[in-house]
Amino acid sequence: MLVLFETAAGYAIFKVLDESKLQQVDSLYKEFETPEKANKILKLKHFEKFQDTTEALAAATALVEGKIGKSLKKVLKKVVAKEAHEQLAISDAKLGGVIKEKMDLSCVHSPAVAELMRCIRSQMEALISGLPPREISAMSLGLAHSLSRYKLKFSPDKVDTMIVQAISLLDDLDKELNNYNMRCREWYGWHFPELGKVVTDNLAYCKTVRKVGDRTNVATTDMSEILPEEIEAEVKLAAEISMGTEVSEQDIGNIRHLCDQVIEISEYRAQLYDYLKNRMMAIAPNLTVMVGELVGARLISHAGSLLNLAKHPASTVQILGAEKALFRALKTRKDTPKYGLIYHASLVGQTTAKNKGKISRMLAAKTALAIRYDALGEDTNAEMGAENRAKLEARLRQLEDRGIRRISGTGKAMAKADKYQHKSLQRKRRRRKRRQRWNLRSQRKKRRRCQSVRR
C-alpha cells in the first residue's frame, strides 16, 4: 500500500512495510512513539518539493476544492502509476474519488488511514529527510497566510461586505445631515427666522442661505435656480418685514461655510445611494425588487451577509430588526411584533393599518425565497422577484377591496353576518353572567346551612 501525505513543503509518497499494523487502529499510535519504530512501518518512496509559495498555494487551493493540481498529477504519474496494482491511501475521500476517476487508481479512505495520517504528522521530521523543523514551520506559516489571503479575496461572503459598509455609512450621513440642518436653521434663524417657515426643504434652505448671506441682499438676489417663483416672492416679502436680529459679516461667513458642508455631504449621499442601488441590483436583484434597495441592504447588514440572511426562515425575516420588542413581549406575555425592518418596504407602507400584519407576513415569505434565489442561484435576473411582487400587489388590492366593500352598502350579507355574530357574543356573555350569579347563590345557601347546623 502507498500513502499520499500532503505537507506545506510538498507531497510525500510512503510505502507501507507492514500492513497488518493498520488493522489495529486503537494501538497504532504506539508504533509511532519513536522515529525507529516509525521507520519500521513506513518508508519514504518519493518527495516532491514545491518550488515557491505560489506553487504551494495553487496546490493547497486545488486540494481544498477537491481537484488535482499540476504538482500532484506529476507525482502520481511519476511514482504511483508505475505501481498501479498498489492501493493509494488518501486523507480526503472527495480527492480520492477524483483521482480514481481521472488517473484510474484505486484509492482507500478509512478510519485506519486517518489514524495513520495523524501518526505520520507526529513523526514527520524523522520520516521525511532533508527538511529541518524550522524550515517546515516557516513554510506552514507562509502557506497559511497566503491561503487566508486567497480565501478572503475570493470568498463569496465578502462580495456583499461593500453593501454592509455602504448602508452603514448612509445611515451615519443621514444622522450628520440632520444635525447640520438643524444647526443651520437655528443659527440663521436668529437673523432671518421667517425663511425657515417659507423654505421647508433642507437642501434648498442651505443653498438659499449660501447665495443670499445677509437678508438685506434678498431683494437684489436672483434665486430662480434654487426656488420656484411663488416661494421666491414669499421670501422677498418676508425679508422686508423680518423680525430677526442683525449679525456681523464674520457670522454670515461661518454660516455659509456650514451650508457648504451640508451641500457637499448631500451630494456625496446622493452619489453613495446610486452606488448602493447598483450594487444591490448586481448582488441581490430579486430582494431589491421585493423590498427596495435600502430595506434590502439593511436586512443584509443586520444578518451579516447575504448567505447568513438566506439561512433565516421567513418568520425571522419578518421580525428582523425588532428583537428588543420581541423579547420584551415574550417576557411580559404580550403580543409579539408583526414586523421589523420590513415595515419600511413600500408594499407594507401603502397598506392600511388593519392589513399591515398580513402583508408583512406574505412579503416576508416571498422575500425569503428571493434571498435564497439570489444567494444560492446561478441566474442574476430579477424575474422571480417581479413575479412575486405582482402576486403580492394583487393580493393587497384584494384585501383593500374587501375592506371597502364591507364599509360600503354593497356587501349586505357580510354586514348581516357581523350583526348576528355580535348578537351571539352578547348572548354568551349574558349566559356566563347568569351562571356566575347562580354559583354565588348556591355558595351562600351552603354557608347558611353550615352555620345553622353548628348552632
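Values for this structure:
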item: Residues that are more than 20 Å from GLY96 (Cα to Cα) and either open to solvent by less than 50 Å² (accessible area, probe 1.4 Å) or not in a helix (DSSP H, G or I) (or both), drawn from segment 11-23; result: LEU17, ASP18
item: Of the criteria (1) assigned by the TED database to the domain that holds VAL16; (2) part of a helix (DSSP H, G or I); (3) open to solvent by less than 40 Å² (accessible area, probe 1.4 Å); (4) not β-branched (Val, Ile, Thr), which one CYS206 fails; result: (1)
item: Residues located in segment 227-241, provided they are outside any helix (DSSP H, G or I) and open to solvent by 100 Å² or more (accessible area, probe 1.4 Å); result: ILE241
item: Given (1) in a loop (DSSP other than H, G, I, E, B); (2) open to solvent by less than 30 Å² (accessible area, probe 1.4 Å), index of the condition ASP26 fails; result: (2)
item: Candidates HIS191, HIS85, filtered to the one that is modelled with pLDDT of 85 or more, outside any helix (DSSP H, G or I) and more than 30 Å from VAL295 (Cα to Cα); result: HIS191
item: Unmet requirement for MET162, which otherwise passes all of (1) part of a helix (DSSP H, G or I); (2) under 30 Å from ALA238 (Cβ atoms); result: (2)
item: Matching helices (runs of 4 or more DSSP H) fully within segment 274-337 where at least 2 residues are loosely packed, with under 13 Cβ neighbours inside 10 Å and either among the charged types (D, E, K, R) or not assigned by the TED database to the domain that holds GLY349 (or both); result: 323-332
item: Segment 1-22 residues that are free of Cβ contacts under 8 Å to residues at least 12 places away in the same chain and within 17 Å of ALA112 (Cα to Cα), paired with ones that are of a type outside the set (D, E, K, R) and surrounded by fewer than 21 Cβ atoms within 10 Å (Cβ to Cβ) (beta carbon under 8 Å, 6 or more apart); result: none
item: Segment 184-196 residues that are farther than 10 Å from ILE255 by Cβ and touching a residue at least 40 places away in the same chain (Cβ under 8 Å), paired with ones that are part of a helix (DSSP H, G or I) and of a type in the set (Gly, Ala, Ser) (beta carbon under 6 Å, 6 or more apart); result: GLY189/GLY196; GLU194/ALA238
item: Which listed residue is of a type in the set (Val, Ile, Thr) and in the same structural domain as ALA8 (by the TED database), from ILE128, ILE167, ILE163; result: ILE128
item: Condition check for GLU400: over 31 Å from the mean Cα position of the chain (by Cα), modelled with pLDDT of 80 or more and surrounded by 11 or more Cβ atoms within 10 Å (Cβ to Cβ); result: yes
item: Residues (under 11 Å from LEU4 (Cβ atoms) and open to solvent by 40 Å² or more (accessible area, probe 1.4 Å)) located in segment 88-106; result: SER91, ASP92
item: Criterion: among the small types (Gly, Ala, Ser), buried (at least 19 other Cβ atoms within 10 Å of the Cβ) and not in a loop (DSSP other than H, G, I, E, B) - qualifying residue of ALA364, ALA394, ALA390, ALA386; result: ALA364
item: Tally of residues being free of Cβ contacts under 8 Å to residues at least 24 places away in the same chain and over 17 Å from ARG298 (Cβ atoms) across segment 327-365; result: 14
item: Residue match in segment 38-45 (condition: modelled with pLDDT of 80 or more, surrounded by fewer than 16 Cβ atoms within 10 Å (Cβ to Cβ) and assigned to a helix (DSSP H, G or I)); result: yes
item: Unmet criterion (only one of (1) over 13 Å from LEU287 (Cβ atoms); (2) modelled with pLDDT of 90 or more) for ILE342; result: (1)
item: Filter result for the condition that a residue is in contact (Cβ under 8 Å) with a residue 40 or more places away in the chain, open to solvent by 30 Å² or more (accessible area, probe 1.4 Å) and outside any helix (DSSP H, G or I), over SER168, SER140, SER129; result: SER129
item: Filter pass, SER315 being modelled with pLDDT of 90 or more, of a type in the set (Ser, Thr, Tyr) and closer than 18 Å to ALA284 by Cα; result: no
item: Breaking point among (1) closer than 17 Å to MET117 by Cα; (2) touching a strand residue (DSSP E or B) at 6+ places or on another chain (Cβ under 6 Å), for THR34; result: (2)
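Conditions tested, residue by residue: (1) under 26 Å from ARG134 (Cα atoms); (2) modelled with pLDDT of 80 or more; (3) in contact with a Pro (Cβ under 9 Å, 6 or more places away or on another chain).
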| site | (1), (2), (3) |
| --- | --- |
| THR7 | yes, yes, no |
| LEU17 | no, yes, no |
| THR34 | yes, yes, no |
| GLN51 | yes, yes, no |
| LYS67 | no, no, no |
| VAL80 | no, no, no |
| MET103 | no, no, no |
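The values are calculated or read from the model by the stated rules, or taken from the named source; none is laboratory data. Note that the coordinates shown come from a computational prediction; the quantities given were computed from them, not determined experimentally. Note that each Cβ is placed from the backbone with ideal geometry, even for glycine, and that neighbours are counted across all protein chains shown. Each accessible area value is taken on the protein alone, full model and side chains, heavy atoms only, with ligands, DNA and RNA left out. Shrake-Rupley method; radii C 1.70, N 1.55, O 1.52, S 1.80 Å.
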